[in-house]
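In what follows, a structure is listed as structure tokens, so that the remarks can point back to it.
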Amino acid sequence: MPAAESKGLSNGFVDLRSDTYNLPTHNMLDRLRSTVESPREGGPQAYTKDLEQAVAELTGKEAAVFLPTCSAANLLAVMALARPAENVVVDADSHIRWMEANSAAVTGGAQLVPVPRAGSIVDAAAVAEFAERASLFGLPPLGLICVENTHNNAGGLVVSRSDMQGISSLALEYGARIHVDGARIFNAAARLGVEVSDLCVLATTVSLSLNKSLGAPYGAALAGPQDVISKVRSLQGQLGIASIHQEGLLAAMALEALENNRGRPHLDNGGARELARLLTRYFESELAVPAPETNIILFDILVDLTAVRFCGQLAARGVLAKPRSARSIRLVVNRESRQHDLEQVIEAFAGVLGR
């Protein structure tokens with residue numbers, strides 16, 4: 001399989017396709033080794049409990065559950081918070097709508113209602129209009145509003161607490177709950193200079209990745225009220241993840257990441273800003289590169305090359321990127337890619353653009 005299409009390790013390449021490909025650090029491996037060689041009372045499962053408690057405290061929620069991915073966490077949140085056939089409002093460009101295989105509808109029985117985005121968050125006026133029309137025509141009520149922070153398909157835009165105020169007021173008015181897909185919420189908090197809990201306080205539930213921003217090799221979590229998390233635990237079996245064997249070993253590495261890697265998102269955000277600055281400086285007439293808010297750069301190609309061909313030619317020069325549409329490409333700065341000289345990336349772009 002060509003390097004540009006493969007997933008996982010990419011030795012010899014600067015991998016800017018995703019921030020999910022980070023390798024475990026020596027400290028994570030040391031934590032794993034100590035878990036095996038110096039067992040705690042309660043066994044490795046004790047690390048799962050410690051991790052869940054740490055996530056609950058970090059987000060300011062009553063409880064949390066350790067899960068394989070944020071996609072699983074988002075689905076379980078929908079299943080726990082929205083009754084079957086109830087309407088779930090999502091941003092039309094959201095990860096839940098485009099990248100989770102309609103699981104909310106197929107498995108959760110929820111009706112996803114896409115609405116326009118205003119900046120980085122669902123447009124409050126559009127949500128209110130839908131809720132009023134649903135009431136007028138006797139449709140199932142608005143049960144849940146989903147927000148994505150940071151917003152993947154919008155190039156890593158950040159949702160602040162003030163952005164959430166209007167949506168929170170709407171949710172209260174219509175008796176709905178709020179779920180935040182916070183796969184990259186650590187990047188959002190780093191950008192805003194606030195605690196993660198500040199971005200969770202107006203949400204009923206929050207999912208977060210322990211892999212992307214923090215670099216753990218595996219895992220996500222869902223945090224929320226105790227009764228909701230208890231319901232999530234009872235629903236896990238329907239997804240085949242009620243029992244993840246040896247998950248305490250994975251939780252130990254994730255706990256190491258949570259405790260010691262919280263400064264990494266700030267570095268990733270800064271690396272993306274510097275890369276975007278260099279791309280604009282050298283290729284302003286060939287590429288339209290907006291200044292990123294966090295660690296995602298989403299840029300348009302202004303020359304006669306499709307995104308697929310552009311990424312293929314970058315890969316031939318040692319840089320991996322991901323097409324996002326016919327003429328746009330996504331770059332994601334992460335711990336592994338920051339270890340490379342950015343000049344290597346600039347030289348690859350120069351080669352593709354015939355410089």
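The values are calculated or read from the model by the stated rules, or taken from the named source; none is laboratory data. Since the structure is predicted, the reported quantities are computational estimates derived from the model, not experimental observations. A quick note on method: Cβ atoms are made from the backbone with ideal geometry, for glycine too, and the neighbour counts reach across all protein chains shown. Ligands, DNA and RNA are excluded from the accessible area calculation, which covers all protein heavy atoms including side chains. Shrake-Rupley method; radii C 1.70, N 1.55, O 1.52, S 1.80 Å.
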key: VAL159 touching a His at 6+ places or on another chain (Cβ under 9 Å) and part of a loop (DSSP other than H, G, I, E, B)   = yes
inquiry  = I need every pair where a residue in region 15-33 that is in a loop (DSSP other than H, G, I, E, B) and at pLDDT 95 or above has its Cβ under 7 Å from the Cβ of a residue that is open to solvent by less than 20 Å² (accessible area, probe 1.4 Å) and among the hydroxyl-bearing types (Ser, Thr, Tyr), sequence separation at least 6 or different chains.
reply    = LEU16/SER337
query = In this structure, does ALA276 turn out to be farther than 29 Å from ARG31 by Cβ, small (Gly, Ala, Ser) and open to solvent by less than 10 Å² (accessible area, probe 1.4 Å)?
reply = yes
All positions within region 333-355 that are β-branched (Val, Ile, Thr) and under 13 Å from GLY318 (Cβ atoms) = VAL345, ILE346, VAL352
message = Tally up the residues in region 323-355 that are on the phi < 0 side of the Ramachandran plot and part of a loop (DSSP other than H, G, I, E, B), please.
response = 11
query = Mind checking which residues of region 225-241 are open to solvent by 40 Å² or more (accessible area, probe 1.4 Å), of a type outside the set (D, E, K, R) and part of a helix (DSSP H, G or I)?
reply = GLN226, SER230, SER234, GLY237, GLN238, LEU239
task = Could you check, for region 99-109, whether at least one of its residues is at pLDDT 95 or above, aliphatic (A, V, I, L, M) and either under 23 Å from the mean Cα position of the chain (by Cα) or closer than 25 Å to GLN236 by Cβ (or both)?
result = no
remark   = Taking region 91-113 and the residues there that are more than 14 Å from ALA72 (Cα to Cα) and touching a strand residue (DSSP E or B) at 6+ places or on another chain (Cβ under 6 Å), the one that is surrounded by the fewest Cβ atoms within 10 Å (Cβ to Cβ) would be ALA92
ask   = Limited to region 34-61, what total is found for residues that are aliphatic (A, V, I, L, M) and either modelled with pLDDT under 90 or open to solvent by 40 Å² or more (accessible area, probe 1.4 Å) (or both)?
value = 1
message = So if I check each of ILE178, ILE185, which one is open to solvent by less than 10 Å² (accessible area, probe 1.4 Å) and closer than 21 Å to VAL333 by Cα?
response = ILE185
note = Across region 290-311, the tally of residues that are assigned to a loop (DSSP other than H, G, I, E, B) and surrounded by fewer than 21 Cβ atoms within 10 Å (Cβ to Cβ) stands at 7
ask   = Is it the case that region 242-249 has a residue that's in contact with a Gly (Cβ under 8 Å, 6 or more places away or on another chain), part of a helix (DSSP H, G or I) and crowded, with 18+ Cβ neighbours inside 10 Å?
value = yes
note = Listed by first then second residue, the pairs whose first member lies in region 147-174 and is farther than 19 Å from ALA190 by Cα and without any contact (Cβ under 8 Å) to a residue 40 or more places away in the chain, whose partner is buried (at least 23 other Cβ atoms within 10 Å of the Cβ) and aromatic (Phe, Trp, Tyr), with beta carbons under 9 Å and at least 6 positions apart or on separate chains, are none
request  = Would you be able to say whether some residue in region 201-218 is open to solvent by 20 Å² or more (accessible area, probe 1.4 Å), hydrophobic (A, V, I, L, M, F, W, C) and not in a helix (DSSP H, G or I)?
outcome  = yes
